[in-house]
Structures are given as C-alpha cells and as structure tokens.
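Q: Here it is, the structure, as structure tokens.
The values are calculated or read from the model by the stated rules, or taken from the named source; none is laboratory data. Computed from a predicted structure; not experimentally measured. A quick note on method: Cβ atoms are made from the backbone with ideal geometry, for glycine too, and the neighbour counts reach across all protein chains shown. Note: accessible area is taken over every heavy atom of the protein model, side chains too, but ligands, DNA and RNA are not part of it. Shrake-Rupley method; radii C 1.70, N 1.55, O 1.52, S 1.80 Å.
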Amino acid sequence: MDGRNDRSFWIFNALLSSAAVGFLAWLLLLREGGGAHADLSFMPGVNASLNATSATLLILGLAAIRSGRREVHQRLMVSAFAASAVFLVGYVLYHYAHGDTPYQGVGGVRVVYFTILITHVLLSIVMLPMILTTFYLAARKRFASHKKLARRTLPIWLYVSITGVIIYFMLRP
C-alpha cells in the first residue's frame, strides 16, 4: 500500500472533519441565529426523516453484510452516508435561518433531554472522521481493518441518527 496515499487521506480527513466541527461550532455557539428571510420551519421534520432514513439504511446494511451481500451492503452504506450528508445540509440551513430551538421541558425529562443531546453532539463530532476512515478502508480493500473499525463506527452512527429523531420529538411542543 502506498503510504503517501494514506497520508493524503489522513490530512484530508483531519482538515474536512476539523472544518465541519469548526463551522458548526461557529454556527451554533458564536453566530446569533435567525434573521434570515427564509421560512425553513419545515426543515426539522425533514431532518428527522433523514436521520430515520439513515438509521434504517444502516440496519439494512448490517443485515446485508451479515448475509454475505457485499454489493448491497456497499450501496446501503453509501445511501446512509448520503442521507446523513443531506441531513447536515438541512441542519445548517435551518440553524442559519432560524437559530437554535430552546428546550421547553422541565423536571426529570429535562435531564433526560440534555443527556441525550450532549451524547448526541459529542458522538456526532467523532462520527465524520470515523465514517470517512471506514469508507476509505473498504475502498482500499482492507476489509479486516474496515470490519474492525466498522464495529465501532456503526453503533455510533446509529446512535447519532436515532437520537437525532428523539431530539426532534422532544423539541416539539
């Protein structure tokens, strides 16, 4: 294997992942949200659907690889990535236009919400570089390494996708 190609991938992965986290941090923590003239109030529902789609595709992809259908698995995983990528675009557009949605719950459910939200956010930060690396290993036909990393990537990706849907419903009045 050409180490130079690997080095290029690691640099690309680090730069892309860092840029994504930096941009989202700016969008959510530093920028005053709202003020855009577009009504994107429909986007949280669309985004929840994209998260649910991603979770479904991940589960189907796992079933496909367990039954030996490698090509089906590959297509399902790429489709899950596409659903997650479209989600991210919708998430950015919504938060740029509308800002954050404050949580209105009180009591014990508030603790549950913030526990889910914090774990969702922290795991979503590591998700992109893990997914890219898992895809890279498969593309390079390093299936033993791919499988080893995928066993960690899949549950995190699935958790982030499912908790994204849960967060959506917890934010609805």
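Q: So, with +1 on the Cβ of K and R and -1 on the Cβ of D and E, and no other charges, what is the size of the charge dipole of the chain about its Cα centre, to the nearest 20 debye?
A: Once rounded to the nearest 20, the dipole reads 940 debye.
Q: Give the carbon-plus-sulfur fraction of the accessible surface of the chain in %, rounded to a whole number; probe 1.4 Å, heavy atoms of protein chains only.
A: Percent of accessible area from carbon and sulfur atoms in the chain: 68.
Q: Per residue of the chain, what 222 nm ellipticity follows from adding -39500 (n - 2.57) for every DSSP H run with n ≥ 4, rounded to the nearest 500?
A: My calculation for the chain gives -28500 deg cm²/dmol from helical runs alone.
Q: Just one of (1) 17.0; (2) 17.4; (3) 16.3 is Kirkwood radius over Cα pairs in Å calculated from these coordinates, so which is it?
A: Only one listed value fits the structure, namely (2).
Q: Give me the Debye-computed log₁₀ of I(q)/I(0) at q = 0.19, 0.26 Å⁻¹ for segment 1-82, equal point scatterers on Cα only, no solvent, two decimals.
A: One equal scatterer on each Cα of segment 1-82 leads to -1.03, -1.07.
Q: Counting only heavy atoms of the protein chains, get the accessible area per residue of the chain (1.4 Å probe) and round it to a whole Å² value.
A: Here the residues of the chain average 61 Å² of exposed surface.
Q: Additional query: Once you order the gyration tensor axes a ≥ b ≥ c over the Cα atoms, which shape class does segment 59-114 get: rounded for a/c under 1.5, otherwise prolate or oblate by comparing a/b with b/c?
A: Oblate shape, in that a/c is at least 1.5 and b/c is the bigger or equal ratio.
Q: What list of whole percents do you get for P(r) of segment 110-154, with Cα-Cα distances grouped in 10 Å bins up to the one holding the largest distance?
A: 28, 37, 21, 11, 2
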